[in-house]
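Only one structure is covered here, and it is reproduced in the block below.
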Amino acid sequence: MQGENACAEAFAAEWTSAFAADTGQPGADHTQATAERVSTGRMWLWDVAGAPVAMASVSPVVAGQARVAPVYTPPRLRGRGYGGAVTAAVSRATLDAGAEQVLLCTDLANPTSNALYRRLGYRPLTDSQTLTFEQPWA
């Protein structure tokens, strides 16, 4: 089992970094965070014929809510339903484990993921925007 976890951690760390790069987030080492997600059962790898093809992670449940993020499929494997399958599986398992709500954030400019999440039963709640500023006191 340890070997399987090490393999899962390696894929999850690599794919989490790829997700961050794809979404314009600053580079960081995701090894420790993904190791914790794998060890606590919050990182899911979807596999086909024993090979990982997509991943999704879920946060701990807080106040009845959990958040699915990140969801990632390598570019060469997209368009085959793998991301949708792992998202549906992790969402259902989270609800079955007692979460009252499962949330996810998506880029409004990405019609593919937005349509997929609607097909899975997710509904838009609100739009948000991230603002950044320089801290003159830093």
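The values are calculated or read from the model by the stated rules, or taken from the named source; none is laboratory data. What you are looking at is a predicted structure, and each value in this text was computed from that prediction instead of being measured. Every residue, glycine as well, gets a Cβ built from its backbone with ideal geometry; the counts of neighbours run over all protein chains shown.
Some points to look at:
- Of all the listed residues (Thr40, Thr16), the sole one being modelled with pLDDT of 90 or more, farther than 15 Å from Tyr117 by Cα and among the polar types (S, T, N, Q) is Thr40.
- Criterion applied to Ala54, Ala28, Ala49, Ala63 was being under 22 Å from Leu95 (Cβ atoms) and surrounded by fewer than 16 Cβ atoms within 10 Å (Cβ to Cβ), and the one residue passing it is Ala63.
- Among the residues of segment 95-134, just one is over 17 Å from the mean Cα position of the chain (by Cα), of a type in the set (A, V, I, L, M, F, W, C) and under 21 Å from Ala85 (Cα atoms), namely Ala97.
- Considering residues of segment 109-136 that are surrounded by 12 or more Cβ atoms within 10 Å (Cβ to Cβ) and of a type in the set (A, V, I, L, M) only, the residue nearest to Arg67 (Cα to Cα): Leu120
- Residue among Thr73, Thr87, Thr94, Thr34 that is at pLDDT below 85, in contact with a strand residue (DSSP E or B) (Cβ under 8 Å, 6 or more places away or on another chain) and of a type in the set (S, T, N, Q): Thr34
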